[in-house]
Amino acid sequence: MENNKVVLAFSGGLDTSFCVKYLSEDKGLEVHSVVVNTGGFDEAEIKRIEDRAISLGVKSHKTIDETDNYYEKVVRFLIFGNILKNGSYPLSVSAERVSQAVAIAQYAKEVGAKAIAHGSTGAGNDQVRFDMIFQTFMPEAEIITPIRDMQLSREAEIEYLQSKGVDFDFAKSVYSINKGLWGTSVGGKETLKSNGNLPESAFPTQVSKTEAEDLKLTFEKGEIKAINDKVYDKPAEAILALEKIAGPFGIGRDIHVGDTIIGIKGRVGFEAAASVLLIKSHQALEKHVLSKWQIYWKDQVSAFYGNWLHEGQFLDPVMRDLEAMLKSTQRNVSGDVFLTLHPYRYQINGIESAHDLMSAKFGHYGEMNKSWTGDDVRGFAKIFGNQNAIYHQVNEEEI
């Protein structure tokens, strides 16, 4: 009997609902839908997606909880690297898509599917991320993308589904929201042009906290261990808890402008209180406990790692090499970071760590020292600047 199994990456939205009907009824394929939770769905949302898939006629539906694995394989390295693309964006969606694609490909192999399908259009980054990972894990499998291949409009999809007796409410919301462990993206008419900010109402988490609040984050070897002395067994749980604390302050909101994989500029809004606070707190701790050259080379590695991850190249073996280097740098990144949260902003007050290199026993910067004499510094400066002195004595150049 011919294998006609196809695994469909299913979200429950218009595009993937169309794919179920089209693949099963028009193409005669056995559709096995799968949704991957990376920290963005609660139980009610997962149940709603499952009910929709079953009502559309899938052969089977699977929910994969990838939250902890997503943290272990991806998110912790974004923290180790203090990665904010273009200085602002914590790679909320791009990192999530990579993790989801890997989980879907692995599931497709488990069920012996001959094809993998997704509902991406031809305009965004996700189509590239999904395609590259699927073809790497299952080069023998066909990748089916009906929306992209048929260049379907939203109206055409709705009309098709209605002709099949499907009458869900597919009314397009004003803003496109994608929520995950590492942040929530927000897209709307304001982000489709180069000028314009998102209104307060566009953000899923409204500002409800108005009084300043102190916060203590405890790190152990670069990983979040406790919040205000409450210890968490799993870092992913700590991240979700931090989002609940800081999100209502409106912290971590911004609009990211960057280069897409397919070569065009794009804008997207986001709210990511937990990820921004963790990255900035972790970075503050590293400034105290790492050497100058550890920080320098971490910055170089992190910039490449973040960009290559954003472009869907998570499976490139060089990524494992970079992760090994990033992990190695974290052996002394342990201690407490103290912050104060305010509406729409935060401040880092300082750190405490047994590995703090800013130790008073070596002296105070700009005031006094305990490890050298003035003559030591005079000799050091003469030798340290000797090459420049020789160059300018030989070459009389104007500066």
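The values are calculated or read from the model by the stated rules, or taken from the named source; none is laboratory data. These numbers were taken from a predicted model, which means no experiment stands behind them. Because the Cβ atoms are built from the backbone with ideal geometry, glycine has one as well, and the counts that use them run over all protein chains shown. Each accessible area value is taken on the protein alone, full model and side chains, heavy atoms only, with ligands, DNA and RNA left out. Shrake-Rupley method; radii C 1.70, N 1.55, O 1.52, S 1.80 Å.
Apolar share of the accessible surface for the stretch 261-370: 57 percent from carbon plus sulfur atoms, 1.4 Å probe.
Going Cα to Cα from K265, which lysines come in below 25 Å? Please leave out same-chain ones fewer than 8 positions away. Excluding near neighbours in sequence, the set is K85, K172, K179, K189, K193.
A simple spin-label model places the labels of A381 and A171 7.3 nm from each other, with each point 7 Å out along Cα-to-Cβ. Return the FRET efficiency for the residue pair E398, F304: r is the Cβ-Cβ distance, R0 is 30 Å, and the value is rounded to the nearest 0.05. Efficiency, rounded to the nearest 0.05: 0.20. Averaged over its residues, the stretch 1-67 has an accessible area of 44 Å² per residue, based on protein heavy atoms and a 1.4 Å probe. Subtracting the Cα-Cα distance of S153 and D356 from 0.36 nm times their residue separation leaves 67.3 nm of extension gain. D376 contributes about 80 Å² of solvent-accessible surface, heavy atoms of the protein only, 1.4 Å probe. Kirkwood radius, the stretch 136-184, all distinct C-alpha pairs, inverse of mean reciprocal distance: 14.2 Å. Summed over the residues of the stretch 276-399 and divided among them, the accessible surface reaches 67 Å² per residue at a probe radius of 1.4 Å. At the residue level, F380 shows approximately 120 square angstrom of accessible surface with a 1.4 angstrom probe and all protein chains present. Note that the stretch 321-332 has calculated 3J(HN,Hα) couplings of 5, 5, 4, 4, 5, 4, 5, 4, 6, 8, 4, 10 Hz, one per residue in order, obtained from phi through the Karplus relation 6.51 cos²θ - 1.76 cosθ + 1.60 (θ = phi - 60°); glycine and proline are x.
On the accessible surface of the stretch 43-97, probed at 1.4 Å, how many percent belong to carbon and sulfur atoms? The value for the stretch 43-97 is 45 percent carbon and sulfur by accessible area. For a quick check of understanding: with a 1.4 angstrom probe and all protein chains in place, what accessible area in square angstrom does M138 have, to the nearest ten? Its heavy atoms expose roughly 10 Å² to the probe. Heavy-atom accessible area with a 1.4 Å probe sorts Y71, Y107, largest first, into Y107, Y71.
Counting only DSSP beta bridges with both residues in the chain, the antiparallel share comes to about 70 percent.
Just to confirm, what accessible area per residue do you get for the stretch 83-222 at 1.4 Å probe, in whole Å²? Spell out each step's value before the answer.
Details: 6790 Å² over 140 residues.
Counting only protein heavy atoms, the per-residue value for the stretch 83-222 is 49 Å².
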